1. Need one value for A:228-235: mean number of C-beta atoms belonging to other chains within 10 Å of its residues' C-beta atoms.
2. For chain A, find the longest principal axis of its Cα atoms and tell me its angle to the long axis of helix A:300-319, 0 to 90°, nearest 10.
3. Please compute, for peptide A:248-260, the average count of beta-carbon atoms on other protein chains lying within 10 Å of each residue's beta-carbon.
4. Mind checking the angle between helix A:150-161 and chain A's longest principal axis? C-alpha axes, 0 to 90 degrees, to the nearest 10.
5. May I ask you to sort A:K73, A:K237 by Cβ crowding, counting other Cβ atoms within 10 Å and putting the fewest first?
6. For B:E281, A:E208, which order do you get if you count the other beta carbons within 10 Å of each Cβ and list the fewest first?
7. For the residues B:V278, A:V303, A:V230, A:V349, what sequence is obtained by ranking on other C-beta atoms within 10 Å, fewest first?
8. Which of the helices in chain B, when you take each full DSSP H run, stretch at least 30 Å along the axis at their Cα atoms and have an average Kyte-Doolittle score of 1.6 or higher?
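No lab work stands behind these numbers, since they all come straight from the coordinates. Not measured: the values here are computed from a predicted model. With ideal geometry, Cβ positions are generated from the backbone for all residues, glycine too; neighbour counts draw on all protein chains shown.
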Amino acid sequence: MKNQVLIAAAAAAAIVTAPAITAPVAAESVKVGYMQGFAGGRGIFGRYGFEGFELALDHLGGKFGGMDVELTKKDTQHKPDVGRSVMNEFIKKERVNFVAGITWSNVLAAVWKQAARSKTYLISANAGWSGMAGKNCNPYYFQASWNNDMIPEAMGKLMKKEGIKDVFELSANYQAGKDMLSGFNRQYQAPTKGKILYKLGNNDWQAEISQIRATKPSAIFGFLPGGMGVSFMKQYKAAGLDKTVKLYTVYTVDYGTIRAHGTNAIGSYHTTFWNSDAKTATNQKFIKDYIKKYGKHPSMFSVQGYDAALLIDLGVKGSKGNLKDHKAITTAMRTADIKSPRGKFTYNVNHSPIQNYYKREVIADADGKPKIVVRGMVAEMAKDSHYKKCKMAW
Amino acid sequence: MLGTHGVLGMTLLLLIEQFLNGMQFGVFLFLISAGLTLVLGIMNVVNLAHGSLYMLGAYFASTFFGLTGSLIVSLVLMIPVMLLVGILIELVVLRTLYERDHMDQVLATFGLILFFNELVRIIWGVEAQPLTLPMWLSGNVEILPDAPYPVYRLVIIGVGMAVAAGLFWMITKTRMGMLIRAGASNRPMVGALGINIRFLYTMVFGLGAVFAGLAGLMAAPLQSVESGIGEDMLIFAFVVIVIGGIGSIRGALVASLIIGIFETVGRSILPVLMLEIVDSEAAQTAGPALASMLVYILMAVILFFKPQGLFPARTG
């Protein structure tokens, strides 16, 4: 599954304005490895991420920092061990300068050391394992997305602010699922009517729905990623639970899943870092061009992939063509001075974004179809709760 | 013990409701297992791709529903399509495998799983496909006080029971059923009597595919329609037919109900039960983990006492 794309100089010729920087070592090109899980239903995150990455490269005229790009894409099959061998190949065989991608925290945990030891830049376009925000932070790792707890923390804050007096918590029985709950509770700090840690891959929810109904909570806080979220939402609606219990989710509803959720998602709330309704020129152009290129609305994962590419561009620009000048690259990337569709964000000491989080709601549009709308900011320039454990010097 | 305060924080009413949920899940499992037990018991073919046929049923349901807006029309369209898919698989892949070892069949049908998972991604894309419950099926009835029950789940029970009755009638009362049973116990003899056994097997496999497709169609309004959904269901289906006795429709029905109830009631009670023994954090983690093992423990126990399953089929 080797998909090597050589963006030739010909692409650059098509652009009206030539890049301002002329690299001193013109023959050299930036080598980039993109690794993410693309297989199966879970491959949706990787696909959106890579599409965003490709779109950014288009917007940059096929060049990073004015230099030609050699991009290699590889599939990690969602497995840490495959991730390790892909990373190994990127470092030893392809000799890449930058690696981007990675959907899952367990894959990130398996590969980050290889990158750091070989002084290869690693930009996570999704996985936000807290280990990287804490003691494993290093000059070669940058987070283009968020830290795992941040979105549930924003949700906890939102539900507290809205005066939801009690919740029923629903999360998956594995590490990230528990992190979601601790992040949520860190901010929510109110009684819970009950908690279920379900088995990953669960798809019949009637037993859980009966249990939730019996405790009569005001709302549900749910971490229900992918297909599990789709099936939960269908059954929640079919059981008529939506009439009495509000639904607040994280990593469940997004542009990638909204078509599958259909009208079932209408009336539910979620939090995310991307103000998809922002009228800024950058955001509008991003959405318009993405729809034009891929025939579908970008998801939050596309934004993350897009920004990962922009960060590489920023680093290469900072190096002024000398890719061995790691100090210059790191310094440049730390400014986070990119035109992100999410708007302005800055980097904390641990290279984790300090950014806004928003409340979004799914409503019915004029045709009765589901539509995601942003309902204001929940957390402004929020920091993750791990950065104090990071001892990196800037 | 089951007073108004309930046992272990669970009220009697909730427990009854969970039993009902379990039975409903059981009937759904039967829908999936019926075709599998037919093919394995009668044709002696291990068909791992049964889950893929279930998945295809769900995808066809989504597509046909999108085109016609009617679940019933989708059902009518789905049946011949799934029959055709089943017949094609039988002709192209399985026909050469009857004389071979079970291991070869496992390999070939496992290959089919990978093939179909990739195929639906190529045809329909990675995103889960839309299918929302039509209005007339989305109501609720109050069977138990304070616990409205989705009408659609009652429809699943109805369809499952109809399939069970229909299959039972076909196997025991019709000429086709008689031939199927005869073919299962002595294939060369039936052939020698001038019956086209090849055609018969093709039809049985097609029928199995239709049942898998039907289960997929029934599941689609309640579950996510995406690549790979068949595999989780396949494991349950195999547990069901092994417990029930391979090839026995009655066994599949009884085993489905047992598994459904055990799984559902178990996973709602166990975490609460665990709380009595260990502290909250451990119970929250170990409870669901243990609940997901429950079905396999049950299978081991049943097989220890009845190695042939609960209703050993009287076939070869």
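1. The per-residue average across the peptide is 5.
2. 30
3. 2
4. The angle comes out near 40 degrees.
5. A:K73, A:K237
6. If I rank by nearby Cβ atoms, fewest first, I get B:E281, A:E208.
7. By the 10 Å Cβ count, ascending, the order reads B:V278, A:V349, A:V303, A:V230.
8. B:12-43, B:151-173, B:197-219
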